[in-house]
Every structure is written in C-alpha cells, then in structure tokens.
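To keep things clear, I will list the structure first and then write my remarks on it.
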Amino acid sequence: MKGNEALAEAAIQAGCTRFFGYPITPQTELAAYMAKRLPKIGGVFLQAESEVSAINMLQGAGAAGVRAMTSSSSPGISLKAEGISYMAGADVPGLIINVQRGGPGLGGIQPSQADYWQATKAPGHGDFHILVFAPNSVQEMVDLVSHAFDLSDNYRVPAMILADGLLGQMMEPVEIKSSDEKVELPKKQWATCGHNNEREHNIVNSLFLQANELERVVRERFERYKVIEENETMCEKYMTDDADYIVVAFGATARVAKAAVKDARAKGIKIGLVRPITLWPFPKEELKEVAVNAKSFLCVEMNMGQMVEDVKLAIDCSRPVEFFGRTGGVIPTPAEVLEQIVKLSGGEQ
Amino acid sequence: MAVVFKKPNALTDKPTHYCPGCTHGIVHRLVAECIDELGIEGKAIGVAPVGCAVMAYDYFSCDMIQAPHGRAPAIATGVKRSLPDSFVFTYQGDGDLAAIGTAETIHAAARGENITIIFINNAIYGMTGGQMAPTTLPSQVTQTSPYGRNVNEVGYPIKMCEMLSTLDGATYLERVSVDCVKNVNATKRAIKKAFQTQIDGKGFSLVEVISTCPTNWGLSPNAALDWLRDNMIPYYPLGVYKDSTSDKEEK
Ligand SMILES: Cc1ncc(C[n+]2csc(CCOP(=O)(O)OP(=O)(O)O)c2C)c(N)n1
Ligand code: SF4
C-alpha cells in the first residue's frame, strides 16, 4: 500500500471520522483516499478553502469531541501554525500530518525533513509543545497513527506525524488492524457538544487576560508535558551496545543510515544507530546512555542539520556531534553516509 | 409579583464588559431571547470572535468556543460537520468577518454550511481602539484614517450582504439595525428567522446588524445612534438580501 493511503486507512481504523484538508503535493493521495472512503462510513471529508480554514475546522471537530485529522505538506503547515497554537492553547486534541517537501518558500516537491525545527520548536506562537512522531516505514506510519490519536486525546495535546515525500509515496506491504466494531473513544467531559440542559456550559478557549491566570494555565500544561516526556518518548537503538560511534537519524533518512551502519559494521567499524521515533518528546535519556561509551556522533538528516543541537544538548556536548545531510529534496545514499562514517572513525577498520 | 421582564436563560449572570451605550449588549440579548424561545440552548454551540465580543463565551449559557481572529465560520463548520444535529452560530465583528476572515465567511456561505452568523457591523475595529475597518464609511475618521477614509487610496467599504447574496449557497441574508425599538424588534425577527433556517436544515444564514461603537466613534450613545441613522443606514440599506428558504431542500 502507498504510504499516504496507508496513513488514511490507519486513521479510519483508529476511529477518525472527519477529515479537513487542502490539496498539496506530496500528500495528495491521502486526501483523495479520505474523499472516497469517509462518506461510505458515515464520516465527513471536506476540502477547505485554505489550510488556515482546514486547521480551524479540525479545531471545531476536536472541540466537538470527535476524532478528526488534517493533512498537508510544508507550505500548508506554515498556514496551520495559527490554528495549531490555538488548539494547544485550548487543549483541543487532533492529528496533523505533514508529508514534508523541500523549503523554504514554495521550495520543491521532493522529500525533505526541513520542517524539523517548525514541528519541534515552533509549530505556532506561544509557550507550547505538540507531540511529534517520525515514522520510518509505511507500517510504522500506520502503527503511529492510532497511537498519536490516543495520546492526543489522553493528554489533550495536538499530535503531528512528521512524514516526508519519500514515505508518503513509498509502496510497502502493511498490516492495518481492522475491526468491525466501532472504536471506543475516551469520554470527553470538556467537549463543546451541547450541554443538553444537563450540565454547566463548556468553554473551549485560549484567552486568559490576567497574566497570573495565563501563567497558571501554561504551567499546568507544562506539568502534563513532563509526564509525556517521562512516559511517551520512543526511540529505536540499533547495534549501540558496543558502539564507539553513533549515527542519529529519524524518519526515511534512518533507513539510509541503517543500511550504511550495516555496511560499516561489515568493515569492522563499531557503529550503532539511534533513531528518535518521537521528535518531541526527544529521546534525551537514550542518547545520554549511549554517549557513555561512544566517542562521537553523526547526525544524518535531509536538511541542513536541524536536529544537531538537540543531540548536543541531550549529551551535554560531552562528545563531538558531526553532521551530514542533503537538502532541497535530495535523498542521501548509503554510500555517502558510509563515507562519512569511515571519516568519523578516523579510517579505523 | 408577576415578572414582566427578565434576563433570558441563554445569558449567564456575568456582567458584560461592553462600554456604556454599546449595541453589542442589545444584540446579545436578542440572540439569547431567540435561543430561549426556540428551546435550543441545550444543543447550541456558539463561536466567539476576536474583537470586542471575544468574551461572549462567558455571556452565553450554551457551550462556547473562542475562535482565532476571522476563523469562526471554519470552527463552526468543523463543529456542525461533526454534530449535524447541533445548533451552531458565530458572533463576529466587521474586522473579524469582512477583513481577516473574508475567505472563511465567503466559503462557508458558498458551501451552504448549515450555520448562522450574527455579524456586527459598527464600521470600526472596536477592541483595538478604533482603527479603519473594511466597513468604515468613505471620509470616516478613524485612528488609521485620521484624515478620513480616502477611497482613492484605500478603496471602498465592503457590503457583505450584497456580496454574499450572489452566492447560490447562501439561504438567508438580512441587514438590520438596533438604533430604535422598531428596528430592535425587526432584528429579533431576523435572528429568529435565521436560526429557524438552520433548524430546518436549509443552510447558511447571516444577519448583519448595523451597530454603534460610541467609544471609538467619539460620540455619546445617543449621538452615535443619530450618526448611525444619518450615515450608516444610507450606505448599508436595511432589508432582506436573500431568502431562498422556500426553495431549499432540507439538508
Ligand atoms: C491574527 C490577529 N491579528 C490581529 C489581532 C488584533 N485584533 C484584536 S480585535 C481586532 C479587531 C476587531 O474588530 P471587529 O472585528 O470589527 O470587532 P469589534 O471589536 O469592533 O467588535 C484586531 C485587529 C488579533 N487578535 N489576531
Ligand atoms: S469599543 Fe466600541 S464596540 Fe467595543 S464595547 Fe466599546 S463601544 Fe462597544
């Protein structure tokens, strides 16, 4: 199944019944799939007039208490920034998919990871985080969709799947858990779905004019973030136990990096791979652990090195962190990465 | 003792923050009376704008959402498409609806979204201190048109009802005013008709209420009402701009 379509089907199986989007390459197939499937199962597919509207429709659906998503690619995610900030500020859950392409500006339509900073640091204005998942295969995209929905609902924090054009367009066999039973969604006592004259009115709101009050609300949210960091960080470690050198890569790039790590091992270089699966929360502890025995690190990304600073901070700059990346939509090859690994190991074999 | 006048149930006990003589309060009351009379508070979800009415979420007793500036129709769309049996209305100012949210307004109308918009046209940005709005009249002095709105430089006001009436998706559009008792009564009838349009599943309805902003117009409440009658109503004629309630099928 194609990555984009698998994301869509996985969302439906996770109980997502509302989709709001605006056309953009390379996420097109996702919306097309939703347009075909959702009306057949009593759901709603709606093509909005812009990404700005789409994210606000998502906020409306999320506030109403239903499971809903939007998908886009980089330039469209910039337009969603306002809505994401409002959702975060009003604790409205929802899933946002970014099938990244090259930037800045209109950039290109080839795969990229150049929205790492946007996703992890500044998905909108204000003091907040969103959950960011970086799958590296079609199967993992599928698995993370329902997980992302669940966490988003449980913690009332918007979630993002940070995919890229490579994963979106990739064909791979997948297993999608499907059941004929309706997904049991958690009860949302806070939702604005009509009080039915049975309770006080609910308000979904991000405005707090009293500075002390806003501070209290933000601090409360950051307490929740702490719980998320402690419990929901995900990462894959590959051959790190005896590794002198560590490659850090996420998403599609991690596949290339893993191939290069295997080749380097065949040459006798003691190298391992750490692959963050959640980009926020970032796997700081895992990196700190491998830094104990490792001599140096190499970040491999499809951008100009946006994750490097997070790796440096995670290991308290205790080891050198080198970088190799391609950008603009160019995909690094295993041979290129291997060359960097050999350089990193000082030609040791 | 017989109660002859009381606060509608659809309004909370919170005192509003509106300036003395501001017509926002009148329109809030009319909206609440209509909600009461139609018995829809329990299934109503209101969407508050960014503007002076931002805190409407504290004033209406139904469930409320506070939208980003101009995005209320998109939020309302998300709610209504999720809960088709609910009753969804937005309450928006002219900057919110006719400047930053123009796209959201037009496309909600074009889609025939089964929601109701209460549009407060006071020809100015109230909350931010009286800047020029898309509905500011030619020659009208505001903070950002200190020499009067020069139409040769900044163009002409937008007449929303007229513009929206060209859209097949819009079902009910009416422009009203709250400057006198007769018009206040007419406004209530218009809001009720718009709400009924939604209840009947007939699609998009909008009521534009010509309103005052005494504070930023720099006029006393009474003088503001005179100014409204002398200047706004001639430019924004009152009336029903679209009524296809009898041709539209139930959604
Ligand atoms: C994105 C964004 N831009 C600007 C503002 C500042 N702002 C707050 S209220 C407002 C104008 C509201 O005017 P209007 O919609 O006419 O409503 P009124 O206050 O007159 O009732 C503006 C520009 C904002 N909150 N958000
Ligand atoms: S600033 Fe104007 S619109 Fe706002 S509450 Fe005061 S009088 Fe009303």
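Which residue, of A:312, A:288, is in a helix (DSSP H, G or I), free of Cβ contacts under 8 Å to residues at least 60 places away in the same chain and more than 30 Å from residue A:107 (Cβ to Cβ)?
Numbers: A:312 fails: more than 30 Å from residue A:107 (Cβ to Cβ).
Selected residue: A:288, the only one of A:312, A:288 that is in a helix (DSSP H, G or I), free of Cβ contacts under 8 Å to residues at least 60 places away in the same chain and more than 30 Å from residue A:107 (Cβ to Cβ).
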Residues of the range B:30-69 satisfying the condition of being under 26 Å from residue B:182 (Cα atoms), under 15 Å from the mean Cα position of the chain (by Cα) and within 14 Å of ligand 2 (Cβ to nearest atom): B:52, B:53, B:56
Residues (part of a loop (DSSP other than H, G, I, E, B), under 30 Å from residue B:66 (Cβ atoms) and more than 9 Å from chain B (Cβ to nearest Cβ)) located in the range A:159-202: A:183, A:184, A:185, A:186, A:187, A:188, A:189, A:190, A:199
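What residue, of B:210, B:199, is in contact with a helix residue (DSSP H, G or I) (Cβ under 9 Å, 6 or more places away or on another chain) and closer than 17 Å to residue B:113 by Cα?
The match here is B:199.
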Subset of the range A:296-349 that is surrounded by 15 or more Cβ atoms within 10 Å (Cβ to Cβ) and of a type in the set (Ser, Thr, Tyr) - its residue that is nearest to residue A:267 (Cα to Cα): A:345
Residue satisfying all of: in the range A:38-60; among the charged types (D, E, K, R) and assigned to a helix (DSSP H, G or I); farthest from the other protein chains (Cβ to nearest Cβ) among these: A:40
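One line per residue, one yes/no per condition, for (1) surrounded by 24 or more Cβ atoms within 10 Å (Cβ to Cβ); (2) at the interface with another protein chain (Cβ under 9 Å from one of its Cβ atoms); (3) not β-branched (Val, Ile, Thr):
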{"site": "B:33", "(1), (2), (3)": "no, no, yes"}
{"site": "B:60", "(1), (2), (3)": "yes, yes, yes"}
{"site": "B:64", "(1), (2), (3)": "yes, yes, yes"}
{"site": "B:69", "(1), (2), (3)": "no, yes, yes"}
{"site": "B:74", "(1), (2), (3)": "yes, yes, yes"}
{"site": "B:80", "(1), (2), (3)": "yes, yes, yes"}
Failed condition for residue B:102, given (1) hydroxyl-bearing (Ser, Thr, Tyr); (2) closer than 24 Å to residue B:168 by Cβ; (3) within 12 Å of ligand 2 (Cβ to nearest atom): (3)
Subset of the range A:245-271 that is part of a loop (DSSP other than H, G, I, E, B) and not basic (Lys, Arg) - its residue that is surrounded by the fewest Cβ atoms within 10 Å (Cβ to Cβ): A:268
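Kindly indicate the residue of the range A:115-138 that is out of contact with any helix residue (DSSP H, G or I) (no Cβ under 7 Å at 6 or more places or on another chain) and among the aliphatic types (A, V, I, L, M) and also nearest to residue A:86 (Cα to Cα) among those meeting that condition. Spell out how you get there, then give the answer.
Pass one, the range A:115-138, residues out of contact with any helix residue (DSSP H, G or I) (no Cβ under 7 Å at 6 or more places or on another chain): A:116-117, A:119-122, A:137.
Keeping just the survivors that are among the aliphatic types (A, V, I, L, M) gives A:119, A:122.
On the way: A:119: 15, A:122: 13 Å.
Residue satisfying both the conditions and the ranking: A:122.
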Residue that is nearest to residue B:192 (Cα to Cα), among those in the range B:41-59 that are in contact (Cβ under 8 Å) with a residue 40 or more places away in the chain and of a type in the set (D, E, K, R): B:43
Any hit, the range B:182-194, residues being β-branched (Val, Ile, Thr), within 16 Å of the chain's Cα centre (by Cα) and not in a helix (DSSP H, G or I): no
Among (1) surrounded by fewer than 24 Cβ atoms within 10 Å (Cβ to Cβ); (2) in contact (Cβ under 8 Å) with a residue 12 or more places away in the chain; (3) over 21 Å from residue B:80 (Cβ atoms); (4) more than 10 Å from chain B (Cβ to nearest Cβ), the one test that residue A:35 misses: (3)
Identity of the residue in the range B:6-24, surrounded by fewer than 16 Cβ atoms within 10 Å (Cβ to Cβ) and away from chain A (no Cβ under 14 Å), that ends up nearest to ligand 2 (Cβ to nearest atom): B:20
All positions within the range A:61-78 that are among the hydroxyl-bearing types (Ser, Thr, Tyr), surrounded by 24 or more Cβ atoms within 10 Å (Cβ to Cβ) and either farther than 15 Å from residue A:152 by Cβ or within 8 Å of chain B (Cβ to nearest Cβ) (or both): A:72, A:73, A:74
Any hit, the range B:87-96, residues being in contact with a Pro (Cβ under 7 Å, 6 or more places away or on another chain) and of a type in the set (Asp, Glu): yes
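None of the figures in this text is laboratory data; all of them are computed from the coordinates on show. Worth saying up front: this structure is predicted, and the values here are computed from it rather than measured. Please note: Cβ atoms are built from the backbone with ideal geometry, for glycine as well, and neighbour counts cover all protein chains shown.
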